[in-house]
Every structure is written in structure tokens, then in C-alpha cells.
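Visitor: Sharing a structure with you now.
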Amino acid sequence: MPLDSLPVEFLFRMQAEIGDTTWVSPGPQGDRLVVGVAGGSFEGPRLAGRVLVGPSSEWATRRPGGTLKADVRLVLETDDGARILMTYNGIASGAGADARVVSAPLFECGDERYRWLNELQAVALGAPIEGGVAYDVYRVL
């Protein structure tokens, strides 16, 4: 049955700071853009913390039509010490005030307090901010 909306629950707002950027171009699938993450934070009703620097990065591909295909792996650390792998693919389009990113995050966590994240599919809506990108992340019900 077709839907005209998705039932969702807000998980958290994340702000990630952009670090060093490396271009690998030209490539057979498009220009590759490797973006380091220089930190960030996330906060929501059930979890909050920071984005770890180092293991977190984005591997984007600039496609012929001008959009970017995002391929991101972030390590989140909660305020109470749990580590969560957040991976997502998505499409970035537009420029300036019209820029946006739509993605589909998945999570992996071994900490009992956050294992509930392993069982859900999320969607995220993002936009550029000064020095980075901000996402509102939602659980699909």
C-alpha cells in the first residue's frame, strides 16, 4: 500500500564538523571526495554525546548530474561511555540555502543500554551549517 508519509520518532540532532578533504579525481564512477570529521555532537531524548575524531569520515562520490552520493561511517560516543557505529548512505543535492542531504542511517552497538539501536532503520534530513553539517535523525516506526 503506498504511503504519503512515514511514521517516525525523533532520535537525535547531530552536528558534525568537517575536517580535511581529499579529492580523488577523475574516477570511473565519478569524482571521489574523502572528508575527515573534525568532531561534533549529538543530543536527543534517549542519548547524547560526541562524534569521535579519527575513525569517522565520509567517502562521497560526485555524480554526473551534480548530486553527491554520501557513504559515511561515524563513531559516536555517548555521555555515559558507550560507542556506537553509525553508517549511512544518502544523496546530497542543491547548493547554498537549498542544499540538503537525505540519508538512511543504521547503528551497531554492543552496549546493553543502546542495543535497541541495532534493531531499527533510521532516516535523516541534513543541511550544511557553519563548518559542517547538521542532521535530524528519526527512527522509522
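The values are calculated or read from the model by the stated rules, or taken from the named source; none is laboratory data. Computed from a prediction, not measured in an experiment: that's the story for all the values here. Ideal geometry is used to build each Cβ from the backbone, glycine not excepted, and the neighbour counts take in all protein chains shown. Keep in mind that these areas ignore ligands, DNA and RNA; they rest on the heavy atoms of the full protein, side chains included. Shrake-Rupley method; radii C 1.70, N 1.55, O 1.52, S 1.80 Å.
Visitor: Being open to solvent by less than 20 Å² (accessible area, probe 1.4 Å) and out of contact with any strand residue (DSSP E or B) (no Cβ under 6 Å at 6 or more places or on another chain) narrows it down to one residue among ALA95, ALA122, ALA82; which is it? Explain how you work it out, then say what you get.
Guide: Details: ALA95 fails: open to solvent by less than 20 Å² (accessible area, probe 1.4 Å); ALA122 fails: out of contact with any strand residue (DSSP E or B) (no Cβ under 6 Å at 6 or more places or on another chain).
Only one candidate qualifies: ALA82.
Yes/no matrix, rows are residues, columns are (1) over 11 Å from the mean Cα position of the chain (by Cα); (2) of a type in the set (Lys, Arg); (3) under 23 Å from GLY54 (Cα atoms):
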| residue | (1), (2), (3) |
| --- | --- |
| ARG73 | no, yes, yes |
| ALA104 | no, no, yes |
| LEU117 | yes, no, yes |
| GLU130 | yes, no, yes |
| ARG139 | yes, yes, no |
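Visitor: Among the residues of region 125-137 satisfying the criterion of being part of a strand (DSSP E or B) and touching a residue at least 60 places away in the same chain (Cβ under 8 Å), which is surrounded by the fewest Cβ atoms within 10 Å (Cβ to Cβ)? Step through it out loud before you land on a result.
Guide: From region 125-137, those part of a strand (DSSP E or B) are 125-129, 132-137; that's our starting set.
Narrowing the set further to residues that are touching a residue at least 60 places away in the same chain (Cβ under 8 Å) leaves 129, 132-137.
Values: ILE129: 12, GLY132: 19, VAL133: 22, ALA134: 17, TYR135: 27, ASP136: 16, VAL137: 22.
Once the filter is applied, the top-ranked residue is ILE129.
Visitor: Okay, next question. Can you tell me which residue in region 43-54 is nearest to ARG115 (Cα to Cα), limited to those that are assigned to a loop (DSSP other than H, G, I, E, B) and open to solvent by less than 80 Å² (accessible area, probe 1.4 Å)? Let's see the steps before the verdict.
Guide: Residues of region 43-54 that are assigned to a loop (DSSP other than H, G, I, E, B), as a first pass: 44-47, 52-54.
Keeping just the survivors that are open to solvent by less than 80 Å² (accessible area, probe 1.4 Å) gives 44, 47, 52, 54.
Working: GLY44: 16, LEU47: 12, LEU52: 19, GLY54: 24 Å.
Applying the filter and picking the extreme gives LEU47.
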